[in-house]
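Data first, discussion second: the structure below is written as structure tokens.
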Amino acid sequence: MTLKKLLLLILAMLLLGPFAAAAKEEPRIYVIKKGDTLWGISQRFIKDPFYWPSLWANNPMLKNPHFIYPGQKLHIYDGRIELVPMEKEEVEDQPAVEPEVAAEVEAEPEVLEEPV
């Protein structure tokens with residue numbers, strides 16, 4: 001029984017070890033140069049230019065992805081782009097609002113002038 005627990009512990013450490021190491025990893029800092037685009041930076045470091053929205057999301061100091069300037073710093077983790085989870089606002093549960101049903105009214109045309 002003890003040997004079985006030991007083997008499970010070793011297996012868990014082997015499987016979870018890379019995740020723990022990645023969590024402690026410091027990001028690579030890339031300083032934007034003249035002519036750089038998020039598309040190009042994603043292609044260079046990630047090998048997939050379609051990841052540029054994630055690069056933008058991971059760098060909240062970039063207000064507009066189409067306007068990046070030389071000297072700005074981007075955070076890239078281990079050659080991958082990692083999304084930084086945002087803190088969620090606490091939302092109180094609110095009771096569902098029942099829709100109000102309008103009363104039925106028979107419509108009659110209004111005569112503006114009598115025909116001649």
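Nothing in this text is a laboratory measurement; each read-out follows from the coordinates by a stated rule. This structure is a prediction, so every number in the text was calculated from the model and none was measured. Cβ sites come from the backbone with ideal geometry, for glycine too, and all protein chains shown count toward neighbours.
Under the simplified labelling scheme, the Ala103-Lys5 pair shows an inter-label distance of 7.5 nm, with each label point 7 Å from Cα along Cα→Cβ. If R0 equals 22 Å, the separation of the Cβ atoms of Gln43 and His66 corresponds to a calculated FRET efficiency of about 0.85.
Lys and Arg at +1, Asp and Glu at -1: add these up for the other residues within a Cβ distance under 13 Å of Ile68 and post the number. Neighbourhood net charge equals +3.
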